[in-house]
Amino acid sequence: MSQIPQAPRYKPDRAIEEVATFLADPVHAADFPNTILRFRNDKAAADLGLESLEDAQWVAHFGRFTPLPGSLPQPLALRYHGHQFRSYNPDIGDGRGFLFAQMRDTQGRLMDLGTKGSGQTPYSRFGDGRLTLKGAVREILATEMLEALGVATSRTFNVIETGEKLIRSDEPSPTRAAVLVRLNHSHVRYGSFQRQAFHQNREGLTKLVDYSLSHLAPDATGPTPVAALVDHAVKGAARMAAQYMAAGFVHGVLNTDNINITGESFDYGPWRFTEKWDPSFTAAYFDQSGLYAFG
């Protein structure tokens, strides 16, 4: 485990362990044949006290996933459910990503570093757990533009090319592979609560509400803890949706597994900006019914 050099602002955390027994599964990252640093977000790193990392350290932590000092000892693939294209899916979770680390930012907020394309997990089903380099670049473009426009979004922390060749049915193959790390204020989704309710895990729901209020929404208020959290989540989602409309942005698969309870969207696969006010404008070629259209 490498040391973080000259980083007094680096404040690691492991809060997720309070709920990890029912919310996540320990997993291992894929062993990539190569790790070529293609993008590092030093502005985001400065918010975490990690900007002083040398490139070799950066690759070790965010390409080979050597644990960060004081943070999670092993990656966690989160379990959740979700409504996808109007259908409830109880068979999903982090299929090609995991929660890698937690820490406090310069504002004292708990922040997550999560991955995309880091290998297979118990929820990969028939997927290879990988991400195309083109997909990673598209996520950089989406998050950088949305952040610049003031939209509540995850931030792309880094992209590392892995040296693998991927076969994809919807684009020319083989294509280059990459692993992406994103920075979020949380990876607790609406679907995290849906899973507990589905399994009638009342104790888990209570613990997840307490965790969320303590670490993610400490200023939320209401007559009961649940009411306070629901109010916080609804306001966050409404604010995000309004920001989308103002920016002319369409997230192609805005399911309940792609919205966290702190009001940020993430996981940008198909997305587009509309050039004019067109309620029927869609981002995904497979969204034939316009379920996730701009309107």
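The values are calculated or read from the model by the stated rules, or taken from the named source; none is laboratory data. Values in this document were obtained by computation on a predicted structure and should not be read as measured data. Here the Cβ positions follow ideal geometry from the backbone for every residue, glycine too, while neighbour counts run over all protein chains shown. SASA here: full protein model, heavy atoms, side chains in, ligands and nucleic acids out. Shrake-Rupley method; radii C 1.70, N 1.55, O 1.52, S 1.80 Å.
A few notes on this one:
- With one equal scatterer per alpha carbon and no solvent term, the Debye-computed log10 I(q)/I(0) for segment 1-143 at 0.10 1/Å reads -0.36.
- Coarse-grained scattering of segment 91-147 at q = 0.13, 0.23, 0.26 Å⁻¹, given as base-10 log I(q)/I(0) from a Debye sum over alpha-carbon atoms: -0.45, -0.98, -1.02
- Gaussian network model of the chain, Cα within-10 Å springs - most flexible of Arg189, Arg272, Arg168: Arg168
- Euclidean distance between Cα centres, segment 152-174 to segment 191-264, Å: 28 Å
- Ordered from longest to shortest, the equivalent ellipsoid semi-axes for segment 6-84 are 25, 18, 13 Å, each the square root of 5 times a Cα gyration tensor eigenvalue.
- Amide H contacts of Val19 (H built 1.01 Å from N, in plane; Pro and chain starts excluded): no residue 5 or more places away or on another chain comes under 5 Å.
- Over segment 154-263, all Cα pairs binned in 10 Å intervals from 0 give whole-percent P(r) values of 12, 33, 29, 19, 7, 1, listed from short to long.
- Less than 5 angstrom separates the built amide H of Glu51 from those of Ala46, all sequence-distant by 5 or more or on a different chain.
- Selected from Leu141, Leu183, Leu50 as most flexible by GNM, with the chain as the system and alpha-carbon contacts under 10 Å: Leu141
- All lysines inside 18 Å of Lys116 as judged from Cα atoms, apart from same-chain residues fewer than 8 positions distant: Lys134, Lys165
- Other residues within the sphere of radius under 9 Å centred on the Cβ of Gly93, judged by their own Cβ, net out at -2 (K and R +1, D and E -1).
- Diffusion of the chain by Stokes-Einstein, at 37 °C in a medium of 0.692 mPa s and with Rh set to the Kirkwood radius over alpha-carbon pairs, works out to 168 µm²/s.
- Using θ = phi - 60° in the Karplus curve 6.51 cos²θ - 1.76 cosθ + 1.60, the 3J(HN,Hα) couplings for segment 155-166 round to 10, 7, 7, 6, 9, 10, 6, 9, x, 8, 10, 10 Hz; x is entered for Gly and Pro.
- Highest GNM mean-square fluctuation among Ala60, Ala136, Ala152, for the chain modelled with Cα contacts below 10 Å: Ala60.
- Largest first, the residues Tyr211, Tyr292, Tyr285, Tyr88 sort by 1.4 Å accessible area into Tyr285, Tyr88, Tyr292, Tyr211.
- Taking a Cβ cut-off of under 13 Å around Pro218, the surrounding Lys, Arg, Asp and Glu residues balance to a net charge of 0, with basic ones at +1 and acidic ones at -1.
- Calculated from backbone phi, Karplus (6.51, -1.76, 1.60) coupling profile of segment 179-184 in Hz, x at Gly/Pro: 10, 10, 10, 10, 10, 10
- Over the chain, relative contact order from alpha-carbon pairs under 8 Å, at least 6 apart, %: 17 percent
- Amide H contacts under 5 Å for Phe157, placed H, 5+ residues apart: Val181, Arg182, Leu183
- Kyte-Doolittle mean at least 0.5, axial Cα span of 15 Å or more - DSSP H helices of the chain: 225-247
- Converting phi to 3J(HN,Hα) with the Karplus coefficients 6.51, -1.76 and 1.60 and the offset θ = phi - 60°, segment 89-96 yields 10, x, 10, 10, x, 5, x, 9 Hz in sequence order, with x at every glycine or proline.
- Charges were assigned to the Cβ only: +1 to each Lys and Arg, -1 to each Asp and Glu. The resulting dipole of segment 80-153 about its Cα centre is roughly 160 debye.
- For the chain, adding -39500 (n - 2.57) for each run of n ≥ 4 DSSP H residues and dividing by the number of residues yields -8000 deg cm²/dmol at 222 nm.
- Within the shell of other residues whose beta carbon sits under 12 angstrom from the beta carbon of Val253, the net charge comes to -3, with Lys and Arg scored +1 and Asp and Glu -1.
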